[in-house]
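The values are calculated or read from the model by the stated rules, or taken from the named source; none is laboratory data. Note that the coordinates shown come from a computational prediction; the quantities given were computed from them, not determined experimentally. Note: ideal-geometry Cβ built from the backbone for every residue, glycine included; neighbour counts use all protein chains shown.
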């Protein structure tokens, strides 16, 4: 029996897992409203998801879920794994959201870039962990309004690089993906637009943002990003691809014109926020790329692709 949905279009790069959604609020050991937008990492021989969990007040925290195969037999933490700490970090006053996890090069430390929801709006915060039980907060590293952030796992000429998405106060301006650099993960500069949102009728017009962390391949850094299409019925969150230079991530080698994944199934189209497919994490096992995404801001799902096919698609784009 195929693990993919029976009605899957064979030409699609990312194929939905037939058991979607893989995590739902009903599976949680305590009362919650929604579970979505999880960061992912392979840790201690298992796939670990750090799931954004929205409680019945509307505030979010992170909860750990692990699985031997990343698809089934999930073990969910009995209580929140990382709660907002507004007393010591007032930037987390309204909760913490959308974690993206990377393992820092050559050291046994994982870095988590996440959105803190402050009284002044969302901003980018950073924390590190060795065991996903205790976390060292480094605090806010970008000012509001900014989100959709991830570090690269390695240094570039002695500096760390961060992708993020500031949102301009003027609604007529586009929200683009930026890149910034730091020698110490604390002081950030050399800020520049990396991928601009397109305009007009494009699927990624006016507002885009990073999906999972950058994926290192022999051809470059694969970037999965979301574009927000505003329609008469509301917003649609779809996914597209770009490729950055391995040694100079400010250089965009390719950016595909067509979106490659978007809401289609009922669990993606109906929920707290309809028509949303929003990934914050991937797991790469050989050639198999597992993309974990929040569906309609309500549940967690996974879609699977061949990494070589993804690269071929990008490189053969116009």
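Exactly one residue out of 121, 70, 158, 139 is farther than 23 Å from residue 227 by Cα and free of Cβ contacts under 8 Å to residues at least 40 places away in the same chain, and it is 158. Surrounded by 20 or more Cβ atoms within 10 Å (Cβ to Cβ) and either modelled with pLDDT of 95 or more or under 23 Å from residue 138 (Cα atoms) (or both): does that describe residue 60? Here the answer is yes, as residue 60 does meet what is asked. Screening the stretch 210-223 for residues that are in contact with a strand residue (DSSP E or B) (Cβ under 6 Å, 6 or more places away or on another chain) and in a strand (DSSP E or B) and picking the one that is farthest from residue 146 (Cα to Cα) gives 220.
For the stretch 243-251, state whether one or more residues are in a strand (DSSP E or B) and either over 15 Å from the mean Cα position of the chain (by Cα) or at pLDDT below 95 (or both). The answer is yes, given that some residue of the stretch 243-251 is in a strand (DSSP E or B) and either over 15 Å from the mean Cα position of the chain (by Cα) or at pLDDT below 95 (or both). The set of residues from the stretch 81-94 being in contact (Cβ under 8 Å) with a residue 12 or more places away in the chain and over 23 Å from residue 283 (Cα atoms) comprises 83, 84, 85, 88, 89, 90, 91, 92, 93, 94.
For the stretch 86-108: of the residues being modelled with pLDDT of 95 or more, surrounded by fewer than 16 Cβ atoms within 10 Å (Cβ to Cβ) and within 19 Å of residue 186 (Cβ to Cβ), which is nearest to the chain's Cα centre (by Cα)? Ranking the candidates gives 90 first. Restricting the search to the stretch 277-295, which residues are out of contact with any helix residue (DSSP H, G or I) (no Cβ under 7 Å at 6 or more places or on another chain) and crowded, with 18+ Cβ neighbours inside 10 Å? Within the stretch 277-295, 278, 279, 280, 281, 282, 283, 290, 291, 292, 293, 294 qualify. The single condition among (1) touching a strand residue (DSSP E or B) at 6+ places or on another chain (Cβ under 6 Å); (2) part of a loop (DSSP other than H, G, I, E, B); (3) farther than 21 Å from residue 314 by Cα that residue 229 does not meet is (2). I want to confirm something. Restricting to the stretch 296-305 and keeping residues that are in a loop (DSSP other than H, G, I, E, B) and over 14 Å from the mean Cα position of the chain (by Cα), which single residue is surrounded by the most Cβ atoms within 10 Å (Cβ to Cβ)? Taking the candidates together, the pick is 296. Being out of contact with any strand residue (DSSP E or B) (no Cβ under 9 Å at 6 or more places or on another chain) and more than 16 Å from residue 17 (Cα to Cα) is the requirement here; does residue 276 meet it? Considered against the rule, which asks whether it is out of contact with any strand residue (DSSP E or B) (no Cβ under 9 Å at 6 or more places or on another chain) and more than 16 Å from residue 17 (Cα to Cα), residue 276 comes out as no. So is residue 234 in contact (Cβ under 8 Å) with a residue 12 or more places away in the chain and buried (at least 19 other Cβ atoms within 10 Å of the Cβ) or not? Criteria not met by residue 234. Scanning the stretch 59-68 for residues that are in a loop (DSSP other than H, G, I, E, B) and under 20 Å from the mean Cα position of the chain (by Cα) yields a single hit, 59.
Taken as a whole, the structure places residue 23 among residues that are closer than 22 Å to residue 270 by Cα and touching a strand residue (DSSP E or B) at 6+ places or on another chain (Cβ under 7 Å). Filtering the stretch 12-43 to residues that are loosely packed, with under 15 Cβ neighbours inside 10 Å and either within 16 Å of the chain's Cα centre (by Cα) or at pLDDT below 95 (or both) leaves 12, 42. Among the numbered conditions (1) closer than 23 Å to residue 298 by Cβ; (2) in contact with a helix residue (DSSP H, G or I) (Cβ under 7 Å, 6 or more places away or on another chain); (3) in a strand (DSSP E or B), the only one that residue 99 does not meet is (2). Picking from 115, 129, which residue would you name as being buried (at least 17 other Cβ atoms within 10 Å of the Cβ), within 20 Å of residue 188 (Cβ to Cβ) and free of Cβ contacts under 8 Å to residues at least 40 places away in the same chain? Going through 115, 129 in turn, just one is buried (at least 17 other Cβ atoms within 10 Å of the Cβ), within 20 Å of residue 188 (Cβ to Cβ) and free of Cβ contacts under 8 Å to residues at least 40 places away in the same chain: 115.
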